[in-house]
Each structure stands twice: as structure tokens, then as C-alpha cells.
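The structure appears below as C-alpha cells.
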Amino acid sequence: MNSMPRNRVLFALIIVAVAAGALGSFVADAPNRLVSGQPLGLWQAGGATTALPLALLGAALLVLSFARITRATRLAGLGCSLAALLLWIFAAGSSASALMAAAPPATRIALGWGFWATVFCLAMIVLDALQRLDAHGLLRLSTVAAIVAAIAAMALAGHFDGLSLAREYAARRSAFWSELERHCWLVLAAVAIALAIGAPLGVFVARRPSAGPGIFGALNLMQTIPSVALFGLLIAPLSALGVGGIGAAPAIIALVLYSLLPIVRNTHAGITGVDPTVIDAASGVGLTPTQILWRVELPLGLPVFLAGLRIVTVQAIGLTVIAALIGAGGLGSFVFQGIGQYALDLVLLGALPTILLALAADFALALIAACFERNPAP
Amino acid sequence: MIELRGVTKRYGARASVNDVSFAVAEGAFCALVGPSGSGKSTTLRMINRLIEPSAGTIRLGGEDVATIPVESLRRRIGYAIQSVGLFPHWTIADNIATVPRLLKWPEDRVRARIEELLTLVRLDPGAVRAKYPHQLSGGQQQRIGVARALAADPDVLLMDEPFGALDPITREALRLELARIHKATGKTILFVTHDVDEALQMADAIAIMRDGRLVQFGTPSDLLTKPADDFVRDFMGGSALGLKLLALERVADRLNPETVPGEAPLALDARLSEALSQMVLRRADRLPVSDDAGKPVGSIALRDLVARS
Amino acid sequence: MVVASKIDTEGALLGSMIVALLRGRGIAVDSRLQLGPTQIVRQALLAGQIDLYPEYTGNGAIFFNRENDPAWHDPARGYVLVKQLDRAQNDIVWLAPAPADNSWAIAMRRDVAQKHRLTTLEDFAGYVNGGGTVKLAASAEFVDSPGALPAFESAYGFRLARGQLLTLVGGDTSATLRAAGEGISGVNAAMAYTTDGALAVLKLQLLADDKRAQTVYQPAPIIRGTVLAQHPEIEAILDPVFRSLTLTRLQQLNAKIAADGEEASAVASAYLSANGFQK
């Protein structure tokens, strides 16, 4: 065996992971929701049973970073890091439950920075292992799916109920689901309207390039306005017009305005990116301009257009968080309530689902885009 | 069939096509040649109104093309270009079926036509029909381009340097194909090229352009033997004019009935230029000729090549 | 009808009580609690998009541009004034207020207050002028607004120097109280609301405002006149409940939500049942 680690990335990551896990705060134990918790390490937090297997896995990964890089060692690396990640997360749930069992109900057990740092490092190790295995899409997808499924299974079984995040959720269960639903409706409405306005506008600019600088200039300007300001600015004129919806109307309008630029730009790029000789041949064989648009330009421009749709959807999911500031509801409600009450778990209750929603939307749209890629042209 | 009268196209002060007039007879293969920038592509594209002329008239089968609705005009004309321009997101079959479907042909007629055309351009329908353009070679794509142009059985084909982007072997093969198809279908073809030899090989009539003007219009033989000016002479081959003239005729035209012994006889349809080339290679001034069956039918001598016809 | 509230903890509490009471009497209620900050909720009421929400009497000064009217320092006069103005100008009816006065205040770490025997703001002024160590965490609004810190300073005769202030962006007391409670950056005093639930838990003590430097902010349900006309029984339903909410009671209820993390509607329902307002 070499004296220098062969896999330096793995070596660095596992060192940081072990350090953060051992020395950093795994959980923070607070007597109530308002004060900071006392930091506790894994073994202090009742994680004795999981500490040993975790230490063994950590040692195995450390050894593997020195080992010769073969397919076998890479697979072993993937397996160990997956196991470590899931076990680490499992340990968080167990410790929280153990600590809560012996404590008054107002106690809050929050995840500490050490926990998050180690999760991050272990996730990076898993990604690195997939990369080195040159894993094709199916293996990557299965790995991610396995992790998500395992965590979901633990959550559904109530394993994480001791954590403060779960307590915040429990106190607001119905509100959570209704705000989540409202959030999704806001995003869908905004994206649908932006599509209805932006796609024809993109076709128009593709057909009439002279209009381009003006339209793109205006849309670019719109993007530079800070979102909070735009949301606020719209309330007055809209209430003067008598448009109701307590915040939903100005929120959707602002979201549409922000979503227009990527849609217009990508529709335009999709159409103008079509090979001009194909358009020439299409004209030459007798297709009308409308037929060329619908049968040639739009289908060939679809991949670029879908890329724009993906960007817009992810952006809208994030921006809709701000909409809660003007009474539109959505997951942002929890974020701002949490900020107001200095309850970071409440902020997480709003922020984590938003991130997961954005990742899921991005993944779904990428999948749809890939379906269209399979057919035509290089 | 195609008649251009005083056709002009101006871009600003410059005229890229200047007062061009010529006529292509029905069933003729006319080549439009000239150096780059001579306006030959522009002229071609005014016939199917991809470019609108600034002045002059163009008639197709006696009708002024300006009076025909532009899409129905183009659906009556076959159009093939150098970059082929197949629709990358459609199968080969769908590409070929473009104009027939625009003309609302019944689906079974379309299907039959696709089979017919693929066979005509010598591609295996079963193998190729469901493929996408990017899965075919350049030469195969251009065959499909020709098939698409022929799909709705137009009387006229406009072709803009269709073989320009291919390697010499494929180009030669496709030229022979096109000549064969022309002979079999009797369509009127207007073929733009900058390659003189290609024009000489395929065309019944050649229009040679320079700087937007038509310099000479005539048969290949006319252009070779009676070039209108030095430009035409140089363009047609300069000092090699004589050799190109030889390429226009075949052994059968100058066959000498006297037979001579020898191996590897020439074929009856071999070109005189090939005969000359063989004479040089074999260092013989007389070569045997046989027919398709291999039976000796005569000979050809160096003397025959230079004799007045 | 639509019942809303402001985004803070007390808004959630009072709003939940209103929703529970009205639904308990068979009135169909669409709940839009924790809608947003004051401006948003007030605008929504004026525009008719919501029908009822709990507001504070002292805010009449801002709504009607009468910051300097001395009536706001007196609970009874303030309530009468805002009730009259809102009825006349906007057809909005102010129902019975709670006796609790939820105004701005200064809270100090209990250990420091006990050591120097500070119970009122007068004591505090003496302590500051005598050179005592003070670091006050407050929002920019509290520091600048003439009705807040400057009002205290002029009424009690003290002045806090820049170095004695830790100014935070945003108007919520949770951050300031937490700073004082945990002694972050040497903070030992904090801007607070008198009904804050976190005071006891964080071991902070309110300094009494004997001279009434502060505007009185009593919570009361406000409802659009047309909606009240359709449901005149609402007044009788809500009055006794609001009248029962003393300062101490509000502090305890707020603490259950903010510190213990109980759900606002659960705390509201428990209070209503325990005091016989609802089964």
C-alpha cells in the first residue's frame, strides 16, 4: 500500500467528515423553543449503538482512500459511503428520540452543525464514488432513489419524531399541507401565464429581429428589480384597480414578470437556432410560414425551449417564498414566521420543502426534455 | 417549359442578376454554370420565388409564376439543395412524404410512392424508411433529397449544386443516378453547378453566367466548339477543350467496323476520352471494341478520334 | 366571512380565538391567519378582501396621522378616538378591547436588574446616567421612531450613546430578547413588547413605564361595518373573551406558543374551554 492516499478527494472528505462528526455538535439540546441548545456529540446523545458501526465504516473509507483504484474498491467505496450516510441520518433520529424520552415536552432537539457538515461530506463521497465508477444514469438514479426511499421510510415510521423540525411540523400539520398546495398553485399559475405570454412573444421576436433589443431590454430591466420591491410595488396599483386575491394577484403578476425573460429568450433561441438550410428546404418544397413554424421550427427548437421552462419553474418555486411577505401564502409563510420568532426550525420547515420541490421539478423537466432529445438531430 | 425573360434582381445599386433571358425545353436537362457570385443560384431561386425578381418575367409551362400562389407553385416544383435540408426530426419516409401529404394524397398512395422512390434512388426501403437523417451518410441523404424532390411527381426539378458537398466517388455515382432518372422520367431539370465537367456530362443545354449576365446559352458541343468569348473558352476548359469534346461522344459513334486482335476490348458506350486514355496507357493507336455480350464488333483508332464527324 | 391576523405570535393567538368562537356559533369562517405585516392586513381590510382581524388601538395614530395627539397615551380615550375615526371614515367597527397593553418596552436581564435593583424605567434612567453598563439590542424602527426609544428618553431623562446600542434590521422582538437572554455581544437589555411570551423563559424583566411615555396598544377585533350588520351577534360573542385577556394571561398564552412550541389554535381552544367561553 502506498504511503500517499491514491484517492485524495475521498481522503480529504472522510477526514473532514470524521472530524466534524466527532468534534462538532451532532445535536443541540434546548429546554424550549427560544433559547439556543447545548451542543452534544454523537455518543453523548445516546448514539452508542450506532457509534461503533459508524466508526468502522469511517475507518474502512479511510483505508479505501489508500487502496489501489479498481472497480472493486470503487464499488466498496460506494457501498460504505451509502451505508455511512444512511446510518448517520438514522442515528440523528434515534438520538433525538432517546433524548426526548427523558425530557419535558417543551424540549427541543435540533440538528447541529456537525451533523450537517458530516452529511455534506458523506454525500460528496457518494457522488465522487458514482463519478469514479463512471456510473450511467440508471445507477445514479437508483442510488438517489434508494437514499430518498430510505429517509422517507424512516420518516413515515416516525423515526425522526424527536427532532425539533418534526415537532414544528406536528404543530402545524394541516397548515403545512395547505400552504404547500397554495405554493404549488401559485407556481403553476405563474408559469402557465408566463408561457402563454412569453412563448408567442418569443416567436414574434424571432420573426421580427428589429423588435428584439427593445423587448429584451425591457425584460432584462425587470429582472434587475429586487423581488421584494416588485412584490410590494404592485399592491397599491392593484388594489386601486380593485383586483382581489389578498396577495395572490400581485404575487402572480410579479412571478410572471420574472418568468418572462427566460421563456422569451429560450423560445427565441430555439427558433433561431434551427439550421437555416432546413428552413430554406422547407420553404422550397412549399410549406407555408405557419406550417414551417409548427412543423419544423417549434419541434426542433423544443429542447432549448424546455431548458428555459426548467429554469423558469425552479426560479418560480424559489421566488414564491417571497410572496408570503405580501400575504400570498405558500411555504414562505413558515420562513418568515420563523424569522420573526427566531425559530430556525420553522424556517427549515419552509425552506427544506422548497428546495426539495425545486429539485423534483428540475429532475422531472430534465426527464421530459431527455425524452424529446432521443429523437432528432445532432 | 421554363422561360426567363429579362429577369433582373437588384440589391441596392448592385444587380446580382442582370437581364437574363433563356428557355429550357420540356424534358431537357439544362445546366446553369458560372463562377461563384455569377448569380446562378439567385436565378434558380427566382423560378420558385424563394427570391422575387426586381424585373422581368418567368414562365413555367406558359404560366407567369408571379400569378401562381407561391406555395402551390413550389409544390409543383421539385427542389433539391446542396445541404439537402432534410427535416432532422422526421423519419426518411416522412421526409419524402412531405409534399404528397401537403397535397393531401391518400395515405396508401403516399406509402406506395415512398417505396417507389426509395427503389428509384437505389436504397433499400425496408432498411432506410424508418431511419432518421443523421443515421445516413452524406450520399444517402442526398439521394433522399432527390427522392423528396421527386415525391409529388413534379414536371420540373430545380437543383442547386446538389452534389457539391460529396466526395468524388459518391458524386459520380449520383450523377449517373440522376442521368438515369432523367432518362426514365423525362422531367425538365434545371441544374446549377460550378463544375464544368459535371455540366458537360449531364446536360442537354448549358447556360453560362458571369457577373449576373447570361454570356452564352447552347448545347455542350456549341460551347466547346464555338465559345462566345475568351471567358467562356477558359471556363469551359481552356487548353483542355479538345479533351472535353472527346468526353461528349461515345465509341459507338465512331466505330470502325474493322476488327483488331487484342485484350480488354472497349465497350460500345465508353466515351471517346476513355478510349484516348486507354490508347495512351497501352501505347496503341488502335483498340478492339466489343458489345455487351463480349462479341467483338470492331475497333477504334486514334485517327477516328480526330476525324471530322 | 374572512378572518385574518398579523403574522406575529399574538396575532395567531387572538385570530385563532376569534375563528374558534365564530365557528363554534355556526358562522362560516374562511381563516387567513398570519397573513402579513400591519400594512398588508390593514390594506386588505380596507379593500374588503378580509372582514375581521385583531388590531391595536395605538395604531390609530399612524392610520389617521395623529401621532402627537395625547389621547393615545390614555387607554380609554385612545380607544374612543380610534373607534370614532374608523367608523366615520372607513365604516370599520372596533369591538371591545382587551385590558392588556401591548406596547413597546425595555427589558433587562434579571440578574443585572436584581443586582442594581431596577424595576422601573426611572430606575433604569438613573442607572444609565450613573454610568452603568448598558447594551440595548433594538430594531432600527425602535431606535428612530419618535414614539419609541426617543419617547422613553425624553420622558425619563436619559440618552443612550451609539456604543450602547446594538441595532438590528427588522421589527421583531424575538431576536432582541434572545440576544439579551444569551448575552450575545455583551447585550444586557432588549427592546420588547409587554406581552412577549419569551420574557420569563429567557429570564428577562420588564422595566415598568410609570410615566406612560408609550402609546397604549390594546388589542381589539375590528370588523367591516357591513359584515357586522349581517352578523350582529359577533359583538356579543367576542366581547367577554377579549375583556378577559389581561397582560399576565396574554404573556402566559404567548409563552406556550413561542417557547413551548404549541400550536396557536390548540392554545386558543384550551383557553376558551378552560374559561367557559366554549365547550
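The values are calculated or read from the model by the stated rules, or taken from the named source; none is laboratory data. Source: prediction; values computed, not measured. Cβ coordinates were reconstructed from backbone atoms using ideal geometry, including for glycine residues, and neighbour counts include every protein chain displayed.
Couple of notes before you dig in:
- With respect to the conditions (1) of a type in the set (Val, Ile, Thr); (2) farther than 30 Å from residue A:109 by Cβ; (3) at pLDDT below 85, residue A:63 falls short on a single one, namely (3).
- Residue C:52 fulfils the conditions (1) surrounded by fewer than 24 Cβ atoms within 10 Å (Cβ to Cβ); (2) over 16 Å from the mean Cα position of the chain (by Cα) except for a single criterion, (1).
- Residue match in the range A:145-153 (condition: in a helix (DSSP H, G or I), surrounded by 14 or more Cβ atoms within 10 Å (Cβ to Cβ) and without any contact (Cβ under 8 Å) to a residue 60 or more places away in the chain): no
- Being more than 16 Å from residue B:35 (Cβ to Cβ) and over 11 Å from the mean Cα position of the chain (by Cα) holds for only one residue in B:217, B:231, and it is B:217.
- Looking across the range C:260-277, the residues that are surrounded by fewer than 22 Cβ atoms within 10 Å (Cβ to Cβ) and away from chain A (no Cβ under 13 Å) come down to C:269, C:270, C:272, C:273, C:274, C:275, C:276, C:277.
- Test: residue in the range A:10-32 that is modelled with pLDDT of 85 or more and in a loop (DSSP other than H, G, I, E, B): yes
- The sole residue among B:37, B:78, B:85, B:12 that is in the same structural domain as residue B:138 (by TED's automatic domain parsing), touching a helix residue (DSSP H, G or I) at 6+ places or on another chain (Cβ under 7 Å) and modelled with pLDDT under 90 is B:85.
- Cβ-Cβ under 7 Å pairs, at least 6 apart or on other chains, the range C:1-23 side within 12 Å of chain A (Cβ to nearest Cβ) and closer than 16 Å to residue A:326 by Cβ, far side among the aliphatic types (A, V, I, L, M) and assigned to a strand (DSSP E or B): C:4/C:33; C:4/C:35; C:5/C:33; C:5/C:35; C:7/C:35
- Out of B:136, B:123, B:118, sole residue that is more than 12 Å from chain A (Cβ to nearest Cβ) and in contact with a Pro (Cβ under 8 Å, 6 or more places away or on another chain): B:118
- Flag for residue B:3 being among the charged types (D, E, K, R) and within 14 Å of another protein chain (Cβ to nearest Cβ): no
- Selection count where residues are within 14 Å of chain C (Cβ to nearest Cβ) and surrounded by 15 or more Cβ atoms within 10 Å (Cβ to Cβ), scope the range A:179-229: 2
- Among the residues of the range B:269-300, those that are of a type outside the set (D, E, K, R), buried (at least 17 other Cβ atoms within 10 Å of the Cβ) and either touching a helix residue (DSSP H, G or I) at 6+ places or on another chain (Cβ under 7 Å) or assigned to a helix (DSSP H, G or I) (or both) comprise B:270, B:272, B:273, B:275, B:276, B:279, B:287, B:289, B:300.
- Extreme residue, nearest to the other protein chains (Cβ to nearest Cβ), among residues of the range C:208-221 that are outside any strand (DSSP E or B) and within 16 Å of the chain's Cα centre (by Cα): C:217
- Scanning the range C:24-63 for residues that are part of a helix (DSSP H, G or I) and within 14 Å of chain A (Cβ to nearest Cβ) yields C:38, C:39, C:40, C:41, C:42, C:43, C:44, C:45, C:46.
- Any hit, the range C:86-93, residues being among the acidic types (Asp, Glu), outside any loop (DSSP other than H, G, I, E, B) and over 30 Å from residue C:229 (Cβ atoms): no
- Answer residue from the range C:5-40, given it is among the hydroxyl-bearing types (Ser, Thr, Tyr) and surrounded by fewer than 24 Cβ atoms within 10 Å (Cβ to Cβ) and is farthest from residue C:230 (Cα to Cα) among those: C:38
- Taken over the range B:145-178, the criterion of being touching a residue at least 60 places away in the same chain (Cβ under 8 Å) and surrounded by fewer than 18 Cβ atoms within 10 Å (Cβ to Cβ) is satisfied by B:155, B:164, B:165.
- Residue in the range A:304-317 that is in contact with a Gly (Cβ under 7 Å, 6 or more places away or on another chain), assigned to a helix (DSSP H, G or I) and within 14 Å of another protein chain (Cβ to nearest Cβ) present: yes
- Flag for residue C:194 being crowded, with 20+ Cβ neighbours inside 10 Å, touching a residue at least 24 places away in the same chain (Cβ under 8 Å) and among the hydroxyl-bearing types (Ser, Thr, Tyr): yes
- Out of A:174, A:164, sole residue that is within 27 Å of residue C:34 (Cα to Cα), polar (S, T, N, Q) and in contact (Cβ under 8 Å) with a residue 12 or more places away in the chain: A:164
- Filter result for the condition that a residue is away from chain A (no Cβ under 13 Å) and touching a helix residue (DSSP H, G or I) at 6+ places or on another chain (Cβ under 7 Å), over C:201, C:187: C:187
- From the list A:367, A:306, A:298, A:356, the lone residue that is out of contact with any helix residue (DSSP H, G or I) (no Cβ under 6 Å at 6 or more places or on another chain), over 30 Å from residue C:44 (Cβ atoms), surrounded by fewer than 21 Cβ atoms within 10 Å (Cβ to Cβ) and touching a residue at least 24 places away in the same chain (Cβ under 8 Å) is A:298.
- Breaking point among (1) crowded, with 18+ Cβ neighbours inside 10 Å; (2) touching a residue at least 40 places away in the same chain (Cβ under 8 Å), for residue A:119: (2)
- For the residues B:208, B:189, the requirement of being assigned to a strand (DSSP E or B), touching a His at 6+ places or on another chain (Cβ under 7 Å) and outside the structural domain of residue B:273 (by TED's automatic domain parsing) singles out B:189.
- Contacts under 6 angstrom Cβ, first residue in the range B:33-57 being on the phi > 0 side of the Ramachandran plot, partner part of a loop (DSSP other than H, G, I, E, B), 6 or more apart: B:39/B:212
- Scanning the range B:81-90 turns up one or more residues that are assigned to a strand (DSSP E or B) and crowded, with 19+ Cβ neighbours inside 10 Å.
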